[in-house]
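Colleague: My structure is below; once you've seen it, I'll send some questions.
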Amino acid sequence: MRAAPLIVAVCVAAAPLAAQTRGAAQTQTQTPNAPRTARATAPTDVTGYWVSLITEDWRWRMIMPARGDYQSVPITAEAKRVADGWNPAKDEAAGEQCRAYGAAGIMRMPMRLRVSWADEDTLKVETDTGMQTRLLHFGAWKGGGRPSWQGDSVATWDMPPRRAQGEQPAITASKSGTLKVVTNNMRPGYLRKNGLPYSGTAKLTEYWDFHGGRNGEHFLVVSTIVEDPQYLQTPWMTSPNFKREPDGSKWDPSPCRASR
Amino acid sequence: MAKTILLVFSVLAVSVPALAQIDLAGHWAARQHEDWEERGPGPEVVDYLGLPINEDARARALAYSTSAFSLPERQCLYFAPHYNVIGPFGLEIWADTDPNSGRIVSWNIGAFIDKAINAIWMDGRPHPGPNDLRTFSGFTTGRWEGNTLVAYTTHYKEGYLRRNGVPTSDQASMTTYITRHGDMLTVLEVIEDPVYLTEPFLVSRNYQLDPAANMTRVPAPCVPEAELPELKGEGRVPHYLPGRNPFVNEMTQRYNLPVEAVLGGADTMYPEFKKNLDSYQPPALCVRYCCGWGAMVAGRTAPNVDCITGGSGKINEQ
């Protein structure tokens, strides 16, 4: 009988979770012999070429924004002070022309992505604009070492819950899934090409949501949270959109440029 | 003791599925960290950048005058359902359940002052026929695709893709992908329109769970009245005749952008369009809406920063 209070306590603790439940679902379970690598457990095939669709913030992404134009970003006064002193020629001369192409900034640029598996637990994301390479590490990978433009990225699959019997089935389940990526250890860079800074202590969290369209398209939304108490008053949340392309015929590498 | 532990773990095992559930209900505050100017103060009068519109859409948009909203008969019209994310507001989402089965009948997205409630029917009911009634909210069905609620909306009245008159027709449809990541909600809209768009238009936004957001489910009452003296009486509908829109070159003058870009089209949303802008030189300095990322806080849209937050070029002007 001594077990009763404990069981009740567990039930009470679990109740709010159950109260949130609107449908009946079960967690993803794995059989003992299931393959364990990130590549094998990927809920969808994310490899291939993806093109960014610049339908949002066009004036701040497709072209160089004017000096002093920081619209939509919750900057601190310190960030404004630093950005007001932006000098692209100085960046070029110092070999820092890739400041706007770091992990916290590059995903909003007009570009194409080439996504492939570097190995069974490392997803490689290359950009044609700026010719950058992001390595998204699954499993027990530990980063460290010198900070870099693309930092240290740790990735996990956010597996969708299995729906219970009777629930409506997914329409294109094979195209869906979420990839969570957390990046630290970045070199200080720019959120935008006109010098809006992020610091070396910034943290980048991304949710890569893959969706199937009604006409057979594949879409990717990268929900992005940049946290940087030095230069941001609140986390900066954006969501650049991409569409899968059939091949790499439009892949067009170009180096980092600080001035345009 | 071993039995106790076993029993506790049994209870936990039964409870675990709740962790995998996705509850969308709550007040989701908009974080206007994208398109702040478009969603807040409003877009430039002629700004079709990044919109995959065709010639017909462009012609209608250029004929549009913002003053048309001042006509009493238009003041209380609602925006189309895609205004859920194109507009500035947060989202209140709740579920209606069948009292007998407990199953969800619909997920609902609350109204704004200028948008109707959107019900996403989850019970498998079919969409209306092709010639059936169009309403402001349209008709939406939904289903789960992995951890995303996928909703498909048809049968809504013609509306605006951008608040400067870029139109959508009553043949438009919208697929909405709603994905929850902890306390963040990501909503992607894919809008298709055989009348005015040459390709699907994608727009996505993020929201944060905020119990203090105090959004309302139903729209506030709207009472029309004549706002402009010249629009009192009957017979005048503000518009611009073809070739007479005086704002066509405004963005070119203000931002040095070529008018071909300003007038939009599908090519303006792809990276290769940058090659048309190789000679582009930005203005020397930002002079308008240089900061801002949310609703007014103590009268400022960029709190704690001395910046030009309004359209007049004055520091912290509101």
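Only the coordinates and a few stated rules stand behind these numbers; no lab work does. These numbers come from a predicted model, not from an experiment. When we count neighbours, we look across all protein chains shown, and the Cβ atoms used for this are built from the backbone with ideal geometry, even at glycine.
Colleague: Identify all lysines with a Cα-Cα distance to B:LYS157 below 23 Å; exclude those on the same chain that are fewer than 8 residues away in sequence.
Modeller: B:LYS115
Colleague: Find the relative contact order for the stretch B:268-318 and round it to a whole percent, using C-alpha pairs within less than 8 Å whose residues are 6+ positions apart. Please list the in-between numbers first.
Modeller: On the way: 57 pairs, mean separation 13.6, N = 51.
Averaging sequence separation for qualifying contacts and normalising by length gives 27 percent for the stretch B:268-318.
Colleague: Roughly speaking, what is the stretch gain from B:GLU317 to B:GLU272, that is 0.36 nm per residue apart minus the C-alpha to C-alpha distance, in nm to one decimal? Could you put the intermediate results ahead of the total?
Modeller: On the way: separation 45, 0.36 × 45 = 16.20 nm, distance 3.71 nm.
Gain on stretching B:GLU317 to B:GLU272: 12.5 nm.
Colleague: Something else about it: Please list, in order, the residues from the stretch A:77-104 whose amide nitrogen is less than 16 Å from a point placed 7 Å along the Cα→Cβ vector of B:ASN256.
Modeller: Backbone N within reach: A:87-89.
Colleague: I would also like to ask the following. Using a 10 angstrom cutoff on alpha carbons, build the Gaussian network for chain B and name the most mobile of B:TYR83, B:TYR280, B:TYR196.
Modeller: Maximum fluctuation in the GNM of chain B, among the listed residues, is at B:TYR280.
Colleague: Pop out the ³J(HN,Hα) list for the stretch B:184-192 in order, Karplus 6.51 cos²θ - 1.76 cosθ + 1.60 with θ = phi - 60°, rounded to Hz; leave Gly and Pro as x.
Modeller: Values per residue, Gly and Pro as x: 10, 10, 10, 10, 10, 10, 10, 9, 10 Hz.
Colleague: Arrange B:SER65, B:SER279 by Cβ neighbour counts within 10 Å, fewest through most, would you?
Modeller: Details: B:SER65 15, B:SER279 8.
Lowest count first: B:SER279, B:SER65.
Colleague: What's the average, rounded to a whole number, of partner chain beta-carbon atoms within 10 Å of each residue's beta-carbon in A:229-240? Don't jump to the answer; show the numbers that get you there.
Modeller: Numbers: counts 0, 0, 0, 1, 6, 5, 5, 5, 10, 6, 11, 2.
Going residue by residue through A:229-240 and averaging, the value is 4.
Colleague: May I pose another question? Hey, with R₀ at 60 Å, roughly what FRET efficiency would A:THR37 and B:VAL218 work out to, going by the Cβ-Cβ distance, to 0.05?
Modeller: Details: r = 51 Å, r/R0 = 0.84.
It comes out at approximately 0.75.
Colleague: If you bin every alpha carbon distance in chain B into 20 Å steps from zero, what whole percent lands in each bin?
Modeller: Bins of 20 Å from zero give 26, 55, 15, 3, 0 percent of pairs.
Colleague: Could I ask something else about it? Kirkwood Rh and Cα-based Rg: tell me the resulting Rg over Rh for the stretch A:32-123, rounded to two decimals. List each step's numbers first, then the result.
Modeller: Values: Rg = 18.7 Å, Rh = 16.7 Å.
Radius of gyration over Kirkwood radius for the stretch A:32-123 works out to 1.12.
Colleague: Provide Rg over Rh for the protein assembly as shown; use the alpha carbon set for both Rg and the Kirkwood Rh (inverse mean inverse pair distance).
Modeller: Details: Rg = 24.7 Å, Rh = 25.4 Å.
Over the Cα atoms of the protein assembly as shown, Rg/Rh equals 0.98.
Colleague: Next question. With label points built 7 Å along Cα→Cβ from the Cα atoms of A:ARG146 and A:ARG260, find their separation and express it in nm.
Modeller: 3.1
Colleague: Gaussian network model of chain B, Cα springs within a sub-10 Å range: biggest mean-square fluctuation belongs to which of B:GLU227, B:GLU55, B:GLU44?
Modeller: The residue that fluctuates most here is B:GLU227.
Colleague: Per the helix-only calculation at 222 nm, which mean residue ellipticity applies to the protein assembly as shown, given -39500 (n - 2.57) for every DSSP H run of n ≥ 4 and division by its residues, nearest 500 deg cm²/dmol?
Modeller: Numbers: 12 runs with 85 residues, N = 578.
Rounded to the nearest 500, it is -3500 deg cm²/dmol.
Colleague: Based on the Cβ-Cβ distance of B:ILE117 and A:GLU227, what FRET efficiency does E = 1/(1 + (r/R0)^6) give at R0 = 51 Å, to the nearest 0.05? List each step's numbers first, then the result.
Modeller: Working: r = 34 Å, r/R0 = 0.67.
The formula returns an efficiency of 0.90 here.
Colleague: For the pairs A:LYS250/B:LYS274; A:LYS203/A:LYS250; A:LYS80/A:LYS180, flag any whose C-alpha to C-alpha distance is greater than 21 Å.
Modeller: Details: A:LYS250/B:LYS274 14 Å; A:LYS203/A:LYS250 32 Å; A:LYS80/A:LYS180 30 Å.
Check vs 21 Å cut-off fails for A:LYS203/A:LYS250; A:LYS80/A:LYS180.
Colleague: What net charge is computed for the residues neighbouring B:ASP278, neighbours being all others with C-beta under 12 Å from the C-beta of B:ASP278, Lys and Arg scored +1, Asp and Glu -1? Could the numbers behind the result be given before it?
Modeller: Working: positive: A:ARG257, A:ARG260, B:LYS274, B:LYS275; negative: B:GLU272.
Cβ neighbours under 12 Å give a net charge of +3.
Colleague: Roughly how many whole Å is it from the C-alpha centroid of the stretch A:114-136 to that of the stretch A:62-82?
Modeller: Going from one Cα centre to the other spans 29 Å.
Colleague: Return the sequence-ordered ³J(HN,Hα) values of the stretch A:141-149 in whole Hz as given by the Karplus equation 6.51 cos²θ - 1.76 cosθ + 1.60 applied to θ = phi - 60°, using x for Gly and Pro.
Modeller: 4, 10, x, x, x, 6, x, 9, 4
Colleague: Right, next: Hey, with R₀ at 35 Å, roughly what FRET efficiency would B:PHE69 and A:ASP45 work out to, going by the Cβ-Cβ distance, to 0.05? Please report the intermediate quantities before stating the final value.
Modeller: On the way: r = 47 Å, r/R0 = 1.33.
Computed FRET efficiency for B:PHE69 and A:ASP45 comes out at 0.15.
Colleague: Right, another one. Could you give each residue of the stretch B:102-119 its phi-based ³J(HN,Hα) in whole Hz, using Karplus coefficients 6.51, -1.76, 1.60 with θ = phi - 60°, and x for Gly or Pro?
Modeller: x, 6, 6, 8, 8, 8, 10, 10, x, 7, 10, 5, 9, 8, 7, 5, 10, 9
Colleague: Now a separate question. Please build a GNM for chain B, connecting alpha carbons under 10 Å apart, and tell me which residue among B:ASN256, B:ASN118, B:ASN304 fluctuates the most.
Modeller: Maximum among the listed residues: B:ASN304.
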